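Worksheet: the structure to be examined is printed underneath.
The values are calculated or read from the model by the stated rules, or taken from the named source; none is laboratory data. A quick note: this is a predicted structure, and the numbers were derived from the prediction, not measured. We place every Cβ from the backbone using ideal geometry, glycine too, and count neighbours over all the protein chains shown.
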Amino acid sequence: MEKIIIIKYGELTTKKDNINLFINNLDKNIKFKLKDLDVSTNYDKGRLFIKLKKDNFDKVINNLKEVFGIHEIIIGYELNTTNINEVKNKVLELIKNKEFKTFKVETKRSNKNIEKTSLEISSEIGSYILKNIQNIKVDVINPNLLIHLEFRNTKSYIYFESIKGLGGYPVSTLGKGLLMLSGGIDSPVAGFMGIKRGIKLEALYFESPPHTSLEAKNKVISLSKLLAKYNNDIKLHIINFTDIQEAIYKNIPHEYLITIMRRMMYRIAEIIASNRNAKVIINGESIGQVASQTLSSMKAINETIKMPVIRPLACFDKLEIIEIAKKINTYETSILPFEDCCTIFVPKHPVINPKIGLCREYEELIQYKDLIYQAIKNHEIINITSEESNEYENIL
């Protein structure tokens, strides 16, 4: 009998003809997360089994909690037999030191060569437990101890409890997306939600020195590192937005500053995303939260690009977003008091129902195409992992 970890997939089992794509990506992501922990993996009909060469279950499980595509993480026991008599003796051995007054046995039997049904096996093993342990009884509704048994081709498995996984789809299964990462509370949560649906993220940050600080940039790097735990790594694209932002401030009517600024950001995001073979742009916009996130503003800003924009938080309120941010440990970093591009030069009365015709007219007051070209040409990329070392690369 060997102690192992069993991975259940949940939603992935509905993929039928495409299931191998999802399982192969999940196996690759698990191996990446456990690459330094000396484990081996094996797939068998809806389950992935992880065998450890060292007794470091806590570390392995903590890493698995950061892998999307896992529905449940189970510490179980593998037996090299499907003989019911041998299995029930091992069950008795495993539970004899557990404290419980009621129990239930649940059996799954993918090995149809076993003549007895799952219910018959559960009943037989339950009766055997009752005969060998005093002062206990069966409770099929709310047992103190739930005993799970699985009978497969040549092996059987015993386990008792499971740890909830992140669910979702394995990273990279659905392609790449570019996250507009501002440094606030919302955009890291939006990135997390995108990763959950199998999107491999790269991130885009707009800095505006000297109006934004090095601390603001470092905050975004820290947030990227937190997201990299789930994404395996992240390329962070940093655009110097100073010249564009100053041109907008000097030449555009102030009530349209935010709208025009966001239109420029979207144009840049689309070019970066296309160059990186990303299929979508992702951001943390929530309907009505600020002036640039009214439906009219979204329409006027989206009009500048053809690439799809995904807003995972569109219908979330701020308290719901904060709750998720705290769960994924980005909240405390996001609230550090360092301003980003979106919080400087904010007019007192930004337009909430911008006119697309006026947006186009005002944009002609600045040489925005040349400014965008220069910003992208000289932008910086930081390759970020969840580990300490980061690689810096200038794109010329």
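Summary table
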quantity	calculated
The listed residue being part of a helix (DSSP H, G or I), among the basic types (Lys, Arg), touching a strand residue (DSSP E or B) at 6+ places or on another chain (Cβ under 9 Å) and touching a residue at least 40 places away in the same chain (Cβ under 8 Å), out of Lys98, Lys51, Lys90	Lys90
Within the range 337-366, considering residues that are of a type in the set (A, V, I, L, M) and under 20 Å from Ser208 (Cα atoms), the one modelled with the highest pLDDT	Ile366
Tabulated pairs, the range 327-347, first under 18 Å from Tyr256 (Cα atoms) and touching a residue at least 12 places away in the same chain (Cβ under 8 Å), second surrounded by 14 or more Cβ atoms within 10 Å (Cβ to Cβ) and charged (D, E, K, R), C-beta under 9 angstrom, 6+ apart or interchain	Cys341/Glu207; Cys342/Arg262; Phe345/Glu246; Pro347/Glu255
Within the range 367-395, considering residues that are assigned to a strand (DSSP E or B) and surrounded by 14 or more Cβ atoms within 10 Å (Cβ to Cβ), the one modelled with the lowest pLDDT	Asn390
Selected residue (criterion: surrounded by the fewest Cβ atoms within 10 Å (Cβ to Cβ)) from residues of the range 61-109 that are aromatic (Phe, Trp, Tyr) and out of contact with any Gly (no Cβ under 9 Å at 6 or more places or on another chain)	Phe100
In the range 326-341, the residues that are surrounded by 21 or more Cβ atoms within 10 Å (Cβ to Cβ) and either assigned to a helix (DSSP H, G or I) or among the aliphatic types (A, V, I, L, M) (or both)	Ser334, Cys341
Contacts under 8 angstrom Cβ, first residue in the range 270-292 being closer than 17 Å to Phe316 by Cβ and assigned by TED's automatic domain parsing to the domain that holds Ser182, partner among the charged types (D, E, K, R) and surrounded by fewer than 18 Cβ atoms within 10 Å (Cβ to Cβ), 6 or more apart	Ser286/Asp317; Ser286/Lys318; Gln289/Lys318
Any pair with Cβ under 9 angstrom, 6 or more apart, that starts in the range 297-309 at a residue that is part of a helix (DSSP H, G or I) and ends at one that is of a type in the set (Val, Ile, Thr) and surrounded by fewer than 13 Cβ atoms within 10 Å (Cβ to Cβ)	none
Residues being in a helix (DSSP H, G or I), over 14 Å from Thr343 (Cα atoms) and among the β-branched types (Val, Ile, Thr) - total across the range 241-256	2
Verdict on Glu66 being assigned to a helix (DSSP H, G or I) and over 18 Å from Asn153 (Cβ atoms)	no
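Yes/no per residue for (1) free of Cβ contacts under 8 Å to residues at least 12 places away in the same chain; (2) surrounded by fewer than 20 Cβ atoms within 10 Å (Cβ to Cβ); (3) among the hydrophobic types (A, V, I, L, M, F, W, C); (4) outside the structural domain of Ile221 (by TED's automatic domain parsing):
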site	(1), (2), (3), (4)
Pro143	no, yes, no, yes
Arg152	no, yes, no, yes
Ser182	no, no, no, no
Ser187	no, no, no, no
Lys196	no, yes, no, no
Ile199	no, no, yes, no
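Yes/no matrix, rows are residues, columns are (1) assigned to a helix (DSSP H, G or I); (2) modelled with pLDDT of 95 or more:
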residue	(1), (2)
Leu227	yes, yes
Tyr230	yes, yes
Ile239	no, yes
Ile258	yes, no
Asn277	no, yes
